[in-house]
Amino acid sequence: MDNKPSLSQYFSSSEVPPASQFFDEIGSSPSDMIQSIYLGENEVNTTTTTNLFSQNVTTALTQQKMPQEMTFANVLPTVSGSTAVPAASLPDPSTFFDTIGPEPQIGTSKSGMATPAILTEAMDGLSIKNQAVDIEADRRRDAWIPTEEAKKTLLKAQSSPKGSFFPEREVLTMPGLVLEEELGDALQEVAVKYLGVSTAGSRGVVRADHVSRDEAGLRELLRTGYLRAAVNLTATLLAAAGQGVGRMHRPTKHTPRSLQLWLTRFAIMVRIKLHEPLLKEAEPFGDLSKPDMFYQFYPDTYENRTGSMAPFSLRLLIAELPGHVGKPEEAMDRLYTMLDVIQKMLSNLQQGKTEDGTGTITSEQDKVESIRLWTGRQTRVLHSIVNCAIALKDYRLASKILVSLQKQASSPAQKRALSSALCRLWLLAGHVKAAMVHLEDAREQRHHLCPTPDVREYVDLGLIDIAHGKYQEAANNFARAADQEPTNIMVANNLSVCLLYMGRLKEAISVLQKAINSDPERGLNEKLLINLCTLYELESSKTNEKKLNLLRMLCKHKSDTIPNVLECLKLG
């Protein structure tokens, strides 16, 4: 398909052409839409609710590409934790990047989505002082049921006299780095090429050697958005742990710290779309089921501690990886395997046993907290399965899962969010009547929360209008949403597209320019930049200076968080 914007194609026909004829893919997938509407009471991630219709209904923002083009940005874990301390006093895995993203609490105001700013926001949580050791909390957080083969090796490790256990290579996880050269600052390279050395030189560039070579330095790089420098620093730290370049397929000892470093590295690589090296580096971990991923494998070091040293979020991220490269079927298989283990653990908890079934829980509070945690984690996995189902266009499966979660929802906010998600799901499938039914359900639940429509409802109404080809009504609804949240980039994008469909090109451009100028930090993201540059090209063939002005703004306001600057600005 020729994706070059074509003014004649747009204005020469009475029929509305597919959005793909003048809008390039902006990195937002239908799965983004479902996840953003669904994970919390408030719309934290407001840049991903745009790709909503099948090809037989006009697409609002994102062109429908082949399945392998589906992006899974929404499932990127975010670096955060509640128990981080300086590297000098790290006694256990809870002290460094304990989780990638907060544990799920359905109905909270935080989203588990991967917005460009989420790595920065999450890193701030790592400065919280270490809390007292809680054996029960450690057990429930680290719980996982090893495979039968792994159990045999773990039993052997625990029963062998000290210093006499020598495992076979087949039971070992042997990772190593694939990227041999340091990553450069991508934005700086583009700035030098298009703006010159003198202009680019005024932009401060941060490298891994500008910060301390420890977890504190890594936190600082992520906080300031220098993601490629952060990847370089993880390489240094992993090499110090004996898992650097050339170490793949060589025996190595794992620690909670090293696995948290891998988790952080993989999360960043997903964010900046380094998929090929990421897949190679993740391959040795398999499904994290080998015995050396468990504390029991190291009885001399961890005494009676049990459970998985690999964080739950690392399991989830690795399970989802195939979805990032156009293999949602494989990702779904991995996710269902995870789901099976989680359901077994929940069954054990309901019977008063520990998660792995080997012990008994004596405290009712411990049982309640464990069920809460693992029910939340089960929901996270179900979110990802919904994403895979959407990528496979299996809308019935996605709907079935969302409806089942809706039945379990305990508050109007949760039920309303799920109804809204179902509305957008059926719009994506082209079933407008079903979408309207769920919109009414969401509206009823909203009355329990606030008396008047909010941003979410206006967006849903606008998307329904687009599905009916009522672009003026849709623009009015998006404008109402913008009045409530002037810095909402998703709303600005949708409003701009509606104006474009009505032939009001200059107004469409003005909306996106205003979004950038009013909040450059938020407005200068991949999706909005690609849309704006496409509109520039629709307006005139002489767009280079306008694109270079956007590049100057990027140099002034952004660090190194955009995966492909040339693609966003449509340069070269």
Flagged in region 221-253 as within 30 Å of Lys556 (Cβ to Cβ) and touching a residue at least 40 places away in the same chain (Cβ under 8 Å), in numbering order, are Leu222, Arg223, Thr224, Gly225, Tyr226, Leu227, Arg228, Ala229, Val231, Asn232, Ala235
Are any of the residues in region 188-195 at positive phi and either open to solvent by less than 50 Å² (accessible area, probe 1.4 Å) or modelled with pLDDT of 95 or more (or both)? no
Considering every residue within region 287-301, establish whether at least one is closer than 29 Å to Ala186 by Cα, of a type in the set (D, E, K, R) and either free of Cβ contacts under 8 Å to residues at least 60 places away in the same chain or in contact with a Pro (Cβ under 9 Å, 6 or more places away or on another chain) (or both). no
Mind listing just one residue for me: the one in region 223-249 that is among the charged types (D, E, K, R) and outside any loop (DSSP other than H, G, I, E, B) and, of those, surrounded by the fewest Cβ atoms within 10 Å (Cβ to Cβ)? Arg223
How many residues are β-branched (Val, Ile, Thr), at pLDDT 95 or above and either under 22 Å from Leu566 (Cβ atoms) or open to solvent by 40 Å² or more (accessible area, probe 1.4 Å) (or both) if we restrict to region 486-515? 1
For Thr153, the lone unmet condition from (1) open to solvent by 100 Å² or more (accessible area, probe 1.4 Å); (2) more than 30 Å from Ala200 (Cα to Cα) is (1)
Which residues, taken from region 356-399, are outside any helix (DSSP H, G or I) and touching a Gly at 6+ places or on another chain (Cβ under 8 Å)? Asp356, Thr360, Ile361
Inside region 164-181, can you point out the residues that are open to solvent by 60 Å² or more (accessible area, probe 1.4 Å) and in a loop (DSSP other than H, G, I, E, B)? Phe166, Glu168, Glu180, Glu181
When every residue in region 272-294 that is farther than 19 Å from Met174 by Cβ and not hydrophobic (A, V, I, L, M, F, W, C) is compared, the one surrounded by the fewest Cβ atoms within 10 Å (Cβ to Cβ) is Glu276
Yes or no: region 466-473 includes at least one residue that is more than 26 Å from Cys533 (Cα to Cα), out of contact with any Ser or Thr (no Cβ under 6 Å at 6 or more places or on another chain) and open to solvent by 40 Å² or more (accessible area, probe 1.4 Å). yes
Wholly inside region 281-352, helices (runs of 4 or more DSSP H) that include 2 or more residues that are modelled with pLDDT under 95 are 299-302, 312-324
Quick check on region 426-440: of everything there that is of a type outside the set (Gly, Ala, Ser) and out of contact with any Leu (no Cβ under 8 Å at 6 or more places or on another chain), which residue is nearest to Gln414 (Cα to Cα)? Glu440
Complete set of residues in region 342-390 that are over 17 Å from Glu136 (Cβ atoms), aliphatic (A, V, I, L, M) and surrounded by 19 or more Cβ atoms within 10 Å (Cβ to Cβ): Ile342, Val381, Ile385, Val386, Ala389, Ile390
Scanning region 409-428 residue by residue, those open to solvent by 30 Å² or more (accessible area, probe 1.4 Å) and touching a helix residue (DSSP H, G or I) at 6+ places or on another chain (Cβ under 6 Å) turn out to be Pro412, Lys415, Trp426
Looking at region 529-540, which of the residues that are part of a helix (DSSP H, G or I) and polar (S, T, N, Q) is surrounded by the most Cβ atoms within 10 Å (Cβ to Cβ)? Asn531
Could you list all residues from region 272-286 that are touching a residue at least 60 places away in the same chain (Cβ under 8 Å) and more than 19 Å from Glu181 (Cα to Cα)? Pro284, Phe285, Gly286
Which numbered condition Pro451 fails, given (1) under 21 Å from Leu495 (Cα atoms); (2) not in a helix (DSSP H, G or I): (1)
Within region 541-556, restricting to residues that are modelled with pLDDT of 90 or more and over 13 Å from Ala191 (Cα atoms), the one that is least open to solvent (accessible area, probe 1.4 Å) is Thr543
Odd one out for Asp454, checked against (1) touching a residue at least 12 places away in the same chain (Cβ under 8 Å); (2) within 30 Å of Gln343 (Cβ to Cβ): (2)
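The values are calculated or read from the model by the stated rules, or taken from the named source; none is laboratory data. What you see is a predicted model, and the numbers here were worked out from it, not measured in a lab. Cβ coordinates were reconstructed from backbone atoms using ideal geometry, including for glycine residues, and neighbour counts include every protein chain displayed. Calculation scope for accessible area: heavy atoms of the full protein, side chains included, ligands and nucleic acids excluded. Shrake-Rupley method; radii C 1.70, N 1.55, O 1.52, S 1.80 Å.
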